[in-house]
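Engineer: There's a structure below that I have some questions on.
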Amino acid sequence: MINAYAAMRLGAVLEPFQFTPKELGPMEVEIAVSHCGICRSDVHLIDNDWGVSTYPLVPGHEIVGVVSRVGAAVTLLSTGQRVGVGWLAGSCMNCEQCLDGNENLCRQGQPTCVGRHGGYASTVVVDARFAMAIPDALQSELAAPLLCAGITVFAPLKRQRLKEKARVGIIGLGGLGHLAVQFAKALGCHVTVISTSAHKQGDARALGADRFVDSAARGALSAETNSCDLILSTVPVSLAWPRYLNMLKPNGHLCIVGASPGDVRVPAFSLIDGQKSIGGSAVGSNREIAEMLGFAAEHKIAPQAERFALNDVNAAIARVRNNQARFRAVLAVDS
Ligand code: NAP
Ligand code: ZN
């Protein structure tokens, strides 16, 4: 039996939940989970914000653990190996996107905790090709949040091919945002944190931010007109997007990774004038995850993590819900 914690219905607190593991497919591996980060996406799923949740729902997609069983056709992994799993537990591996190495864009991608049980559990089963080797330099507890939060901010920062000293704005200093500051600094950017929480200013600077903008202060955003090449939004809510487009320089890009279920409404002219663009980004490919893990190890990039035992999961989720976690809550599943 697998011991897990599940939301039994929409919005519910998690309860102990046991289930029998399915037989391993030929390309699957079972992982004994040691750590699992709590991503805000887990909260969106518990609340069915995106209309895709089924219950009982075992969240968890920032997983690190040790391979405990391998399917008959698995050649690249063996038992005892330390691996990590992020948002995706598998994809078709056969479509145009998968063949181009963009598994994260596969239309048949299988999220780790949508329609299957995720990492708030003693073990998890995934396609072996989605179990990523973890560099020795990264501690398991600190590697776990990199598997979703880390890759989600690293991939768009890399993709933009930013010039040295490019000016990057990071909206929201939470799990994703505090890693985005570190990655952007390590990539040579000038970083401005745009936050609703004035008391996070000290933390932002300690993480490497060059500037801090309190977005709740009157006139603070308009004072930043024409100041950013790229703005990355990591907030789980809709914002007054034209005010952020106004912060972009000509040809600037607003990349939305924060997964608010709301609309993005902007006047056409806020894009035309200055040739600005808005786009989204979804986690990252397996190649990008491997690159990000190596980059984090090399540049000593790590989340600030609050550690919780699995049976304390509801206290941890409450801190995430209330924007209190500094800056990622991580479950020590095997403690
Ligand atoms: P988080 O740790 O809760 O951080 C979100 C931050 O947003 C908060 O710390 C807060 O920063 C800011 N914020 C502003 N208004 C808020 C409000 N009304 N409620 C809550 N926070 C507010 O969340 P996370 O784990 O970083 O995830 C952020 C978003 O990214 C979520 O929507 C998640 O689903 C999404 N996500 C997307 C992808 C993808 O592939 N696109 C991957 C992972 C996560 P300040 O206090 O500084 O304002
Ligand atoms: Zn996530």
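The values are calculated or read from the model by the stated rules, or taken from the named source; none is laboratory data. Computed from a prediction, not measured in an experiment: that's the story for all the values here. Note that each Cβ is placed from the backbone with ideal geometry, even for glycine, and that neighbours are counted across all protein chains shown. Ligands, DNA and RNA are excluded from the accessible area calculation, which covers all protein heavy atoms including side chains. Shrake-Rupley method; radii C 1.70, N 1.55, O 1.52, S 1.80 Å.
Engineer: Would you mind telling me which numbered condition in (1) open to solvent by 40 Å² or more (accessible area, probe 1.4 Å); (2) part of a loop (DSSP other than H, G, I, E, B); (3) in contact (Cβ under 8 Å) with a residue 40 or more places away in the chain; (4) away from ligand 2 (no atom under 16 Å from the Cβ) Ser68 fails?
Structural biologist: Among (1) open to solvent by 40 Å² or more (accessible area, probe 1.4 Å); (2) part of a loop (DSSP other than H, G, I, E, B); (3) in contact (Cβ under 8 Å) with a residue 40 or more places away in the chain; (4) away from ligand 2 (no atom under 16 Å from the Cβ), Ser68 violates only (2).
Engineer: Moving on to the next point. How do the pairs read when you match residues in the stretch 145-169 that are under 20 Å from Ser285 (Cα atoms) and among the small types (Gly, Ala, Ser) with residues anywhere that are open to solvent by less than 10 Å² (accessible area, probe 1.4 Å) and more than 15 Å from ligand 1 (Cβ to nearest atom), using Cβ under 9 Å and keeping only pairs 6 or more apart or on different chains?
Structural biologist: So the pair list comes out as Gly150/Ala143; Gly150/Leu293; Gly150/Ala296; Gly150/Ile301.
Engineer: Which ones in the stretch 288-335 are open to solvent by 40 Å² or more (accessible area, probe 1.4 Å), under 16 Å from the mean Cα position of the chain (by Cα) and farther than 26 Å from Gly202 by Cα?
Structural biologist: Within the stretch 288-335, Ala290, Glu291 qualify.
Engineer: Related question: Inspect all residues belonging to the stretch 129-138 and state whether any of them is away from ligand 1 (no atom under 16 Å from the Cβ) and within 14 Å of Leu179 (Cβ to Cβ).
Structural biologist: yes
Engineer: How many residues does the stretch 72-85 hold that are touching a residue at least 24 places away in the same chain (Cβ under 8 Å) and within 25 Å of Gly284 (Cβ to Cβ)?
Structural biologist: The number of residues fulfilling the criteria is 8.
Engineer: Report the residue count in the stretch 91-108 for those that are touching a residue at least 12 places away in the same chain (Cβ under 8 Å) and either away from ligand 1 (no atom under 15 Å from the Cβ) or surrounded by fewer than 22 Cβ atoms within 10 Å (Cβ to Cβ) (or both).
Structural biologist: Summing the residues that are touching a residue at least 12 places away in the same chain (Cβ under 8 Å) and either away from ligand 1 (no atom under 15 Å from the Cβ) or surrounded by fewer than 22 Cβ atoms within 10 Å (Cβ to Cβ) (or both) in the stretch 91-108 gives 9.
Engineer: What are the residue pairs meeting all of these: first residue in the stretch 317-335, first residue free of Cβ contacts under 8 Å to residues at least 60 places away in the same chain, second residue surrounded by 21 or more Cβ atoms within 10 Å (Cβ to Cβ), Cβ atoms under 8 Å, and 6 or more apart or on different chains?
Structural biologist: Hits for this filter: Arg319/Ala325; Arg319/Ala329; Ser335/Leu310.
Engineer: Something else about it: Determine, yes or no, whether Leu88 is open to solvent by 20 Å² or more (accessible area, probe 1.4 Å), modelled with pLDDT of 95 or more and of a type in the set (A, V, I, L, M, F, W, C).
Structural biologist: yes
Engineer: Can you tell me which condition Cys36 does not meet? The list is (1) assigned to a strand (DSSP E or B); (2) open to solvent by 10 Å² or more (accessible area, probe 1.4 Å); (3) within 15 Å of ligand 1 (Cβ to nearest atom), and all the others hold.
Structural biologist: (2)
Engineer: Return the pairs, sorted by first residue and then second, in which the second residue is part of a loop (DSSP other than H, G, I, E, B) and among the charged types (D, E, K, R), the first residue lies in the stretch 222-238 and is touching a residue at least 12 places away in the same chain (Cβ under 8 Å) and within 16 Å of Lys158 (Cα to Cα), the beta carbons are less than 9 Å apart, and the residues are 6+ apart or on different chains.
Structural biologist: That search, which allows pairs on different chains as well, returns Asp229/Lys163.
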